[in-house]
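A.B. asks: Below is one structure. I have some questions about it.
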Amino acid sequence: MKKLLIFLTLIIVGITANAQDFLTKSKVSGSFQMDGNYYWEDQGIGITSEEINGNQFGAYGFGKLQYQLGNFTAGMRFEAYQITPMSGFDMRVEGMGVANFFATYDDGTIGVTVGDIYDQFGNGLVFRSYEEWTLGFDNALRGIRAVFRPWNGVTLKGVYGKQRFYWASYSDNDYSADDRGYVRGIDGEWDLNQSISSLNDSKLRATLGGSFVSKFETGQSIYVGNDELIMPRNVASYAGRFNLGYGRFTLSTEYARKINDPSYFNNYIYREGQELLASLSYSQRGLGVVMQVKRVDNMSFKSSRYATQNDLDIGFIPPLNYTHTHSLPSMFSYATQPLGEMGMQFQVNYTIPKNTALGGKYGTKLAFNFSQVNDIKRDSIMVDGVQTINQPGTLGYSSDFFAIGDRMFYRDMNFEIEKKINAKWHLTLMYINLYYDMETIENHPGSKAVNANFAFGEVIYKINRKHSIRMELQHMWDNVGPNETIDIEHSDYYKKRGNWFAFLLEYTIAPKWFVSVADKYNYGNPLADNRDHYVTGSFGYIKDQTRIAISGGRQSEGLICVGGVCRAVPASSGLSLTITTSF
């Protein structure tokens, strides 16, 4: 109730300050989403009545409202979560209330926001606050942000506040598991082409930027085993970046460093962290090439030293890999490793010109992508005359900046052909070779890495201007076959292993209706009890900005990943309803 009163007060202040324009220039917008799931017993995929145990219904939704009058904007978001164990969301997200509110005044030179802030500095290496509804993730910074633009091309920012932690209070609560430190940060960016008139129309494009972010937690000593460790009260990080472009070439890079930050996540070591992200690209009509590299070393940066999993991340580690949206390869999406990884990605897009032998009447699109992520190389250090790695209270390890670890976390090589055959037929073909270290990415000790091949084909047939049919066929060949010997202790790790076949058929009546049926079948699973069909059916209706979709059937176990951040989704069986709208 207090939050709602604060929000209404901020709107009233904005209206009062602009009373003469209130009736003619006020704008109100918003959006709404509701998801509901009804689960039932399904012995075929191991969903027992004991597992459901009365938790058959789960629902979650939000409503956003935004008001704008001139340079003044205010908004709020109401959330409600009723979670069941089968939903895959963290149970701490359960609850309801006004989770987000803000008010902003920005006249183009000065901008001030109070309330909940979503923003990032540069690529987000040392500061990024954002929310991702599909993951149940929200690390909004509640506090204040100031933006100052003194000259064309120059932007200065400052932020101060506390991060959201599910429904925990923002008041100080020292030594509580819900407590988190204050986040303070400044950022500056200078676009030389906008600031210097002689460079306004230059082929050379240049942007420089820098950030400083720190967190403050109450200092205290903690015990790890029998050892007493003194925790730092302030942990600082900084980053520098530049973007250079000339003609068809663009070079972008950012380097970040963080001072010692012992925490639960890094086993309470005092090693400093660092991260480098660089990208070189070339583009012209019909051709685009991108090369990216990344190194991450002990860059978990959270506003609480006790935080685990994806909780309370201040910084963000961008993934360098292709995002698969097809059902089979998306079961093995990569989750970034903040404690250490070295990765690269190479992407080429080429369009064979129209009216050529291979391009045909409409041209042919080709895409090739290769990405690989390895661990960093760690060398032991001497502690009390003994060589150790990652021992609490020490510097943890040493690591040469350019040394690549032997362990490969992830590798993806894929090739795609997209071809419009004629006015009615459209074809897409794709091949994927994937390596996935399940032991590291999904924390499954002792599980065998995935080394699989995928084939994907999609055909779209336009019956007429409104009616169309889309069909997908997918197949996965896994390195774990039906005759694989599985340690019964690790049998749960193999539910999504073995050869798979997937099929989807969708009928659309544009722009309002669609209906689809799909099946995924892991016929080659090493355990006979896991060789199941996952049949689903979906139906949807779209009118203007409103979309209603109903689906029912089985959901296979897997990961949902967005931007390298993932959550596990357990197997389930039931009905789901989604309603979204905006105004």
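Nothing in this text is a laboratory measurement; each read-out follows from the coordinates by a stated rule. From a predicted model like this one, the values you see are computed outputs, not experimental measurements. Reconstructed Cβ throughout: ideal geometry from the backbone, glycine too, with neighbour counts over all protein chains shown.
A.B. asks: Report Rg (one decimal) and Dmax (nearest whole number) for the stretch 253-371, counting Cα atoms only, units Å.
C.D. replies: Rg then Dmax for the stretch 253-371, in Å: 19.5, 63.
A.B. asks: Work through the residues other than ASP487 whose Cβ is under 15 Å from its Cβ and net out their charges, Lys, Arg +1 and Asp, Glu -1. Kindly include the intermediate steps, with their values, before the conclusion.
C.D. replies: Details: positive: LYS448, LYS495, ARG497; negative: GLU439, GLU484, GLU489, ASP492.
Net charge around ASP487: -1.
A.B. asks: Hey, can you rank 500-507, 552-559 by average C-beta count inside 10 Å, highest first? Could the numbers behind the result be given before it?
C.D. replies: On the way: 500-507: 17.6, 552-559: 19.2.
Most protected by this proxy first, the peptides run 552-559, 500-507.
A.B. asks: Here's something else I'd like to know. Helix-only estimate, please: 222 nm mean residue ellipticity of the chain, summing -39500 (n - 2.57) across DSSP H runs of length 4 or more and dividing by its residues, to the nearest 500. Please list the in-between numbers first.
C.D. replies: On the way: 5 runs with 32 residues, N = 583.
So the helix-based figure for the chain works out to -1500 deg cm²/dmol.
A.B. asks: Quote the convex hull volume per residue of the stretch 325-461, based on C-alpha atoms, as a whole number of Å³. Write down the numbers at each step before the final one.
C.D. replies: Numbers: hull volume 17.6 nm³, N = 137.
About 129 Å³ per residue, rounded to a whole number.
A.B. asks: Just the number: Rg to Rh for the stretch 108-318, Cα atoms, Kirkwood Rh, two decimals. Mind showing how you got there, number by number?
C.D. replies: Details: Rg = 19.2 Å, Rh = 18.8 Å.
Ratio of gyration radius to Kirkwood radius for the stretch 108-318: 1.03.
A.B. asks: Here's another thing I want to ask about it. Report D for the stretch 439-583 in µm² per second (integer): Stokes-Einstein, Kirkwood Rh on Cα pairs, 25 °C, 0.890 mPa s.
C.D. replies: Details: Rh = 17.5 Å.
Using the Kirkwood radius from Cα pairs, D works out to 140 µm²/s.
A.B. asks: If you don't mind, there's one more thing I want to ask. For the stretch 248-320, what class follows from the C-alpha gyration tensor (a ≥ b ≥ c being the square roots of its eigenvalues): rounded when a/c is under 1.5, otherwise prolate if a/b is larger than b/c, else oblate?
C.D. replies: Details: a/c = 4.13, a/b = 2.73, b/c = 1.51.
Prolate, since a/c reaches 1.5 and a/b exceeds b/c.
A.B. asks: How about the stretch 339-373: which trypsin sites (Lys or Arg not before Pro) there lie in a loop by DSSP and see at most 15 other Cβ atoms within 10 Å? Numbers along the way, then the final one.
C.D. replies: Numbers: sites: LYS354, LYS361, LYS365; in loops: LYS354, LYS361.
For trypsin sites (Lys or Arg not before Pro) across the stretch 339-373 that sit outside H, G, I, E and B with at most 15 neighbouring Cβ atoms in 10 Å, the list reads LYS354, LYS361.
A.B. asks: Additional query: Order these peptides, 117-125, 60-68, 508-516, by their mean beta-carbon neighbour count within 10 angstrom, highest first.
C.D. replies: Numbers: 117-125: 21.6, 60-68: 17.7, 508-516: 14.9.
By packing density, highest mean first, the sequence is 117-125, 60-68, 508-516.
A.B. asks: I would also like to ask the following. For q = 0.14, 0.21 Å⁻¹, what log10 I(q)/I(0) does the stretch 97-220 give under the Debye formula with an equal point scatterer on each alpha carbon and no solvent?
C.D. replies: Result of the Debye calculation: -0.70, -1.23.
A.B. asks: Which of the listed residues, THR364, PHE316, GLY393, is farthest toward the dipole's positive end in the stretch 247-399, when Lys, Arg count +1 and Asp, Glu count -1 at the beta-carbon?
C.D. replies: Going by the Cα projections, it comes out as THR364.
A.B. asks: Also, quick follow-up: To check my understanding: the extent here is largest minus smallest coordinate of the Cα atoms along each principal axis. What are those three numbers for the chain, in Å, largest first?
C.D. replies: Its Cα atoms span 75, 59, 57 Å along the three principal axes.
A.B. asks: Mind checking the full-extension length gain between HIS326 and GLN68? Use 0.36 nm per residue of separation minus the Cα-Cα distance, one decimal, nm. It would help to have the intermediate numbers written out before the result.
C.D. replies: On the way: separation 258, 0.36 × 258 = 92.88 nm, distance 3.92 nm.
Once the chain is fully extended between HIS326 and GLN68, it gains 89.0 nm.
A.B. asks: Then there is this: Less than 17 Å from a label point 7 Å out along the Cα-to-Cβ axis of SER26: which backbone N atoms in the stretch 59-76 qualify, by residue?
C.D. replies: 65-76
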